1. Within region 213-245, work out how many residues are in a helix (DSSP H, G or I), polar (S, T, N, Q) and farther than 24 Å from V11 by Cα.
2. Being more than 22 Å from D193 (Cβ to Cβ), small (G, A, S) and in a helix (DSSP H, G or I) narrows it down to one residue among A137, A172; which is it?
3. Anything in region 115-125 that is under 21 Å from the mean Cα position of the chain (by Cα) and surrounded by fewer than 20 Cβ atoms within 10 Å (Cβ to Cβ)? List them, or say none.
4. Could you list all residues from region 53-111 that are of a type in the set (F, W, Y), within 30 Å of L7 (Cα to Cα) and not in a helix (DSSP H, G or I)?
5. Can you tell me which residue is surrounded by the most Cβ atoms within 10 Å (Cβ to Cβ) among those in region 5-56 that are acidic (D, E) and either modelled with pLDDT under 95 or in contact with a helix residue (DSSP H, G or I) (Cβ under 9 Å, 6 or more places away or on another chain) (or both)?
6. Can you find even one residue in region 115-123 that is part of a helix (DSSP H, G or I) and modelled with pLDDT of 95 or more?
7. Find all pairs meeting these conditions: Cβ atoms under 6 angstrom apart; at least six residues apart or on different chains; first residue within region 116-135 and within 13 Å of T152 (Cβ to Cβ) and among the aliphatic types (A, V, I, L, M); second residue part of a helix (DSSP H, G or I) and open to solvent by less than 10 Å² (accessible area, probe 1.4 Å).
8. Filtering region 210-225 down to residues that are in contact with a strand residue (DSSP E or B) (Cβ under 7 Å, 6 or more places away or on another chain) and open to solvent by less than 10 Å² (accessible area, probe 1.4 Å), which residue is nearest to L85 (Cα to Cα)?
Amino acid sequence: MASTLLLDKHVQFIKKLEKKRDSSLAYHMTAHLRMNGVYWGLCALALMEAGDELDRDALVEFVLSCYDPSTGGFGSYPKHDSHILSTLSAIQILALKDALDPTDHAVILQLQLPNGSFQGDRWGETDTRFLYCATSALAHLGALDRLDQEKTISWILRCANFDGGFGLTEGAESHAAQVFTCVGALSILNALDRIDQDTLAWWLAERQVPAGGLNGRPQKLEDVCYSWWVLSSLSLLHRLHWIDAQKLEAFILSAQDPDGGGIADRADNVADVFHTQFGVAGLSLLGYPGLAKVDPTYCMPLALTKKLGIDRPFQQ
């Protein structure tokens, strides 16, 4: 079990993933996550100070090949329908590669419903994830002034629960990942003062289990990805010190693959790029040496969000 971050192995793990363009069933079965996966890998590399390890032109070409001219958004793969999840990832990839040009904001704004919620695409499913993605995308594009901010904030507040947490919609169970989407959106909209921060931070701190890891809701197993969803929210609430950072760091490091690189959801499971990204980002929030600082509002390198002028206050 590794006690330090295996930076070189994780960089190589991500680079190998980028080359797996084959005809296997697994490759094509995950096409719906391809744009997200590229963002996860590229952002992890940037936080590990290895952002230039992937070919910039090839990345930009891939993103542009996923543009859907019928909507103005981006799909997860060429010829896939656009969705707000892949649209945000596309914008983040272009920002990471200094290739972000203003795009049509209408595709994002048109996804907002009269009650303030956001649907992910034209098919109508709503989720607080989609609201966060829309808000973050507009911030990256410098177009937040186009958003009905009060209507958006009001919907987020309607998704709050008695325990301080947030669900995917009004009345849904509190979940740490949905908490991040709501807290992150409120951070972007400068509205964190509109929630009960102590109650929410208490609920988040309760996500740490005796072994040191964090779970997404009560009575669930710990998972490395919640090192991001929980920690980022606590950082934005300036209560990062409410969890045992040393025990959490040890848990994340225990989930590394010492042979092939990458980080899994927990020790002895198979590593993947999703958990690698959020494990590295969690360690960055904990101040792990050798990593670039991450912005907890956007899960992007802090130096980049400062350059874009969109960074928000948080506890470092």
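The values are calculated or read from the model by the stated rules, or taken from the named source; none is laboratory data. Because the structure is predicted, anything quoted here is derived from the model rather than measured. Note that each Cβ is placed from the backbone with ideal geometry, even for glycine, and that neighbours are counted across all protein chains shown. Protein only, heavy atoms only, side chains kept; ligands, DNA and RNA dropped before computing areas. Shrake-Rupley method; radii C 1.70, N 1.55, O 1.52, S 1.80 Å.
1. Looking only at that region, the number is 2.
2. A137
3. Q119, E125
4. Y77
5. Residue satisfying both the conditions and the ranking: E18.
6. Among the residues of region 115-123, not one is part of a helix (DSSP H, G or I) and modelled with pLDDT of 95 or more, which makes the answer no.
7. L131/A185; A134/I84; A134/I108
8. Here the answer is V224.
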